[in-house]
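The values are calculated or read from the model by the stated rules, or taken from the named source; none is laboratory data. It should be emphasised that the depicted structure is a prediction, and the values quoted were computed from it without experimental measurement. Positions of Cβ are backbone-derived with ideal geometry, glycine not excepted, and every protein chain shown enters the neighbour counts.
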Amino acid sequence: MLPVIEFHLNKASGVSTYLQLVHQVKHALRLGMLVPGDQLPTAREVVERLAINPNTVHKAYRELEREGLAMGRPGMGTFVQRSIGGAALVDHARLRSGLAAWVLEGRKAGLDQEDLNAIFSSVVVESFREETA
Amino acid sequence: MNNAVEATGLGVRYRRSWALRDCSLAVPAGRVVALVGPNGAGKTTLLHAVVGLLSPDQGRLTTSGEVAFMAQDKPLYGDFRVAEMLRFGRRLNPSWDGEIATERLATLGIPLKRKVSTLSGGEQAQVALVMALAKRPELLVLDEPLANLDPLARHDVMRALMTSVAERGLTVLISSHVVADLEDTCDWIVVLNRGRVQVSGDIESLRTEHLMLTGPVELADRLDATVIGASYTDRQATLLVRSAGTLDPRWIARQVTLDELVMGYLRSPEAAALPAPVVVQA
């Protein structure tokens, strides 16, 4: 039986490999390509295709389990637990308008596009670093 | 968890010069380990000591379980047919798993009747890998397995290798002088420089511990971090640092790539990132 999805890697993205796997599962969940009950590809299937360390796949699946999106069943594999619903899109709109207000405020203070980008990305980086620290 | 390899104060001398000096390291079982360093750093000597091809002049080295070795010059006999290589392997190894070997070769589409010398470089590497895996090792040691292979063959060899790691959970130790080759496959790194172990640790922890900082040069003096490497202009400092505390907001900080980390240490041979000695419970 063919696996329901196939992972691919973008080496130029700078995003760590395990996060790329996590993002691709979430993307497939949002688009309905993965639904609850689906089995995710086994670590062996993934590494046989991508030539990556199997621990990287385990780490990605642990992260999906931590977020409640997948569940590992010993000896059977990892299965989709729930889908990502439309609530996420509502959040997007709300966050986006908040960010738009912030950008406007920054421009009024005399910051240009690069200044704003630099502040935004350094805050994002710091926020995630605090989380992993 | 047990350690697959443990070395304490290891030294190997060729005539009057030391190829390895005071090397101590411990590699947990189940890891895929990258052994990197410039040419002449002692990588092959360390691997030969690990697989027992040479005995150290100083120190102690232990490995657990069956060890298989794939040497740099892929030790196959050109005049042998693939099937003869397998028979040869069976005779030399009591734990030989002939079924796995023929199965893998069939999957790879390598006919048993072919003479080894007529196989492509990639196919020869695959046969050598099959031979090593058929010994059912707990520790597989590969010396520059990707050297002289084209990109497709490199990917195929790594796929085969990672698949066996997924299936059997064996420990793998791979040497290379090209860090990028090992970035996606290894989760532990050992940097060897001038015969000494400079770095040994979990790649992800090392990458989160280190940062590349760029900022005004006057900030460099009161930085709360261990500086591994630095380059300065009159006004600007670019620093590779470990375990940074709270940073002045004028620093621009970013994560380092594995390549930058290795280069940073190799350029500062006196710096080291080694774990404190840990007693591992069996």
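Table: residues versus (1) small (Gly, Ala, Ser); (2) assigned by TED's automatic domain parsing to the domain that holds residue B:27; (3) touching a Ser or Thr at 6+ places or on another chain (Cβ under 9 Å).
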site: B:197; (1), (2), (3): no, yes, yes
site: B:209; (1), (2), (3): no, no, yes
site: B:226; (1), (2), (3): no, no, yes
site: B:234; (1), (2), (3): no, no, no
site: B:240; (1), (2), (3): no, no, yes
site: B:248; (1), (2), (3): no, no, no
site: B:254; (1), (2), (3): no, no, yes
site: B:273; (1), (2), (3): yes, no, yes
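Within the set B:30, B:37, the sole residue that is assigned by TED's automatic domain parsing to the domain that holds residue B:129 and surrounded by fewer than 21 Cβ atoms within 10 Å (Cβ to Cβ) turns out to be B:30.
Among the residues of region B:143-151, is there at least one that is closer than 19 Å to residue B:47 by Cα, at pLDDT 90 or above, not in a loop (DSSP other than H, G, I, E, B) and not small (Gly, Ala, Ser)? Checking region B:143-151: at least one residue is closer than 19 Å to residue B:47 by Cα, at pLDDT 90 or above, not in a loop (DSSP other than H, G, I, E, B) and not small (Gly, Ala, Ser). Evaluate region A:13-27: report whether one residue or more is more than 25 Å from residue B:28 (Cβ to Cβ), within 14 Å of chain B (Cβ to nearest Cβ) and loosely packed, with under 13 Cβ neighbours inside 10 Å. Yes, some residue in region A:13-27 is more than 25 Å from residue B:28 (Cβ to Cβ), within 14 Å of chain B (Cβ to nearest Cβ) and loosely packed, with under 13 Cβ neighbours inside 10 Å.
Of all residue pairs spaced 6 or more apart or on separate chains, those with beta-carbon atoms under 6 Å, a first member in region B:28-53 that is in contact (Cβ under 8 Å) with a residue 12 or more places away in the chain and a second member that is part of a strand (DSSP E or B) and aromatic (Phe, Trp, Tyr) are B:31/B:188; B:33/B:188; B:51/B:69. All of B:258, B:211, B:247, B:266 fail the test of being within 19 Å of the chain's Cα centre (by Cα), of a type in the set (A, V, I, L, M), within 14 Å of chain A (Cβ to nearest Cβ) and crowded, with 16+ Cβ neighbours inside 10 Å, apart from B:258.
The single condition from (1) closer than 19 Å to residue B:70 by Cα; (2) within 12 Å of chain A (Cβ to nearest Cβ); (3) not acidic (Asp, Glu) that residue B:152 fails is (1).
Does at least one position in region A:62-81 carry a residue that is crowded, with 20+ Cβ neighbours inside 10 Å and within 13 Å of another protein chain (Cβ to nearest Cβ)? No, every residue in region A:62-81 fails to be crowded, with 20+ Cβ neighbours inside 10 Å and within 13 Å of another protein chain (Cβ to nearest Cβ).
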